[in-house]
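**Student:** Can you keep this structure in mind? I'll have questions shortly.
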Amino acid sequence: MDTFNRPPHQRSSHHTPAARTPRRARTTGAVTALVLALTLTACGGDSLEEDGGSGGDRGSLVIGSAGFTESQLTAELYAAVLTRAGYSTDISKLKNRELYEPALRKGQIDVVPEYAATLAEYLNSEENGKDAKPVATNDVDETVTALRKLATKRGLKVLPAGDAVAQNAFAVRRDFATEHKLRTLTDLGRSKERIKLAAGDECETRPFCRPGLEKTYGIDITEIDPKGVGTTQAKQAVKDGTDQLVLTTTTDATLDAFDLVLLKDDKRLQNADNILPVVNAEDAGGKDVAAALNELTETLTTKDLIRMKSRVDRDREKPGDVARDYLASKNLD
């Protein structure tokens, strides 16, 4: 699944300050912190300078998070189970995969919640060019196998995928769907309507966003309105009629509040985007990290995600609080 808006750098709300444990990729001292901050700021992203943490004596881990609810929730879940396993943890938010994936390789962050198919195609395009033959499919095992082959070359370790899946999805206003008899993305292409799409700015080049909608469905995308993926602003723009289509996810918990409906991906443009942890192999590739994260992955379901997202997006609860409640309910706290 693609990522979007840049939020401010923020430490997880469930953490309490603790001394950090030095490790290979993160030497101590103000000079190192300043170099990291300047490097990422120059790229247009947020600083990865550390600001405290929590946990035990096994070491220090930074979990990367993008600026959307699902990523924030899964990052909070990862941080909590790793803290429980004895690690000192921080959460660092970055704008998108173009920033956090290189940071993960370099060891500036250690763990990222990812989406199997989206990351596989991102790395495939990076290695073989934007016109590379797709490696992701609708089969999660095939997709993860392809992902691991690409990720290993970059010093990354891909942990097992679970049942929780969050695919990109596209929604329109309910009355717009009724007026044009739209149930599927194929219907939208056939309607010949000119479509302004509210999405992340990277939608311009992602194969499962604008290029895929145009090639697979023949949808006439006139413009990308860079309001983010599934954000309140993006959905409000469609509700108001400023835009006609919004990129969101199959786990969006607030569509009804904006009177929006999903259009079925009837030609299966989206692949197996099961959620899985990806770690820096050298800094976080050990069995203890894997054991803590795998226990969570085996527990988490798509319905769990929707319920948690509803509490954050509808009820305005904090992701950290929602994550803690969920882990307690599953005896993982």
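The values are calculated or read from the model by the stated rules, or taken from the named source; none is laboratory data. This one's a predicted model, so the numbers in the text were calculated from it and none came from an experiment. Backbone-built Cβ (ideal geometry, glycine too); neighbour counts: all protein chains shown. Keep in mind that these areas ignore ligands, DNA and RNA; they rest on the heavy atoms of the full protein, side chains included. Shrake-Rupley method; radii C 1.70, N 1.55, O 1.52, S 1.80 Å.
**Student:** Need one number: nm distance between label points at Lys287 and Thr242, each 7 Å from Cα along Cα→Cβ, rounded to one decimal.
**Tutor:** 5.4 nm
**Student:** Assuming a strict under-20 Å limit between Cα atoms, what lysine pair count do you get for the stretch 125-232 once near-sequence pairs (fewer than 8 apart, same chain) are dropped?
**Tutor:** 12
**Student:** Tell me, what is the percent relative contact order of the stretch 91-211, built from C-alpha pairs under 8 Å that lie six or more residues apart?
**Tutor:** 15 percent
**Student:** Let me ask you something else. Specify whether the C-alpha gyration tensor of the stretch 111-162 places it in the rounded, prolate or oblate class, a ≥ b ≥ c being the square roots of the eigenvalues: rounded for a/c under 1.5, otherwise prolate if a/b is larger than b/c and oblate if not.
**Tutor:** Taking the square roots of the gyration eigenvalues as a ≥ b ≥ c, the stretch 111-162 is oblate.
**Student:** On a straight-distance basis, which lysines could pair with Lys330 in a cross-link, Cα separation under 24 angstrom, same-chain partners fewer than 8 positions away excluded?
**Tutor:** Lys287, Lys303, Lys309, Lys318
**Student:** Compute the Cα gyration tensor for the stretch 163-253, then decide on rounded, prolate or oblate, letting a ≥ b ≥ c be the square roots of its eigenvalues: rounded whenever a/c is under 1.5, prolate when a/b is larger than b/c in the other cases, and oblate in all that remain.
**Tutor:** Rounded.
**Student:** Give the separation of the Cα centroids, the stretch 217-282 to the stretch 133-175, in Å.
**Tutor:** Each part reduced to its Cα centre gives a spacing of 16 Å.
**Student:** Same structure again: Given +1 on the Cβ of Lys and Arg, -1 on the Cβ of Asp and Glu, and no further charges, what dipole in debye does the stretch 187-324 carry about its Cα centre, rounded to the nearest 20?
**Tutor:** Around 360 debye, computed over the stretch 187-324.
**Student:** Under a point spin-label approximation (7 Å from Cα along Cα-to-Cβ), what is the Glu298-Asn331 distance to one decimal in nm?
**Tutor:** 1.3 nm
**Student:** By how many nm would the segment from Lys181 to Glu127 grow when fully extended, if each residue of separation counts as 0.36 nm and the alpha-carbon distance is taken off?
**Tutor:** So the extension gain works out to 15.3 nm.
**Student:** How much of Tyr78 can a 1.4 Å solvent probe reach, expressed as accessible area in Å² and rounded to 10?
**Tutor:** In the full protein context, Tyr78 sits at about 10 Å².
**Student:** Sticking with this one: Please label the shape of the stretch 255-333 as rounded, prolate or oblate, based on the square roots a ≥ b ≥ c of the eigenvalues of the alpha-carbon gyration tensor (a/c under 1.5 means rounded; beyond that, a/b larger than b/c means prolate, else oblate).
**Tutor:** Since a/c reaches 1.5 but b/c is at least a/b, the shape of the stretch 255-333 is classed as oblate.
**Student:** If you don't mind, another one. Sorted by accessible area with a 1.4 angstrom probe, largest first, how do Thr301, Thr74, Thr242 fall?
**Tutor:** Numbers: Thr301 50, Thr74 5, Thr242 75 Å².
These residues rank, largest area first, as Thr242, Thr301, Thr74.
**Student:** Report in % the part of the accessible area of the stretch 47-169 that belongs to carbon and sulfur, leaving out ligands and nucleic acids; probe 1.4 Å.
**Tutor:** Here carbon and sulfur together make up 46 percent of the probe-accessible area.
**Student:** May I ask you to rank Glu282, Glu127, Glu142 by accessible area, largest first, using a 1.4 Å probe over the protein chains only?
**Tutor:** Ranked from most to least accessible, the order is Glu282, Glu142, Glu127.
**Student:** Right, next: Estimate the FRET efficiency between Lys106 and Lys149 by the formula 1/(1 + (r/R0)^6), using the beta-carbon distance for r and 25 Å for R0, to the nearest 0.05.
**Tutor:** After rounding to 0.05, the efficiency reads 0.75.
**Student:** Once amide H atoms are placed 1.01 Å from N in the peptide plane, what residues at a sequence separation of 5 or more from Ile91, or on another chain, have their amide H within under 5 Å of its amide H?
**Tutor:** It is Ser12, Ile63, by chain and number.
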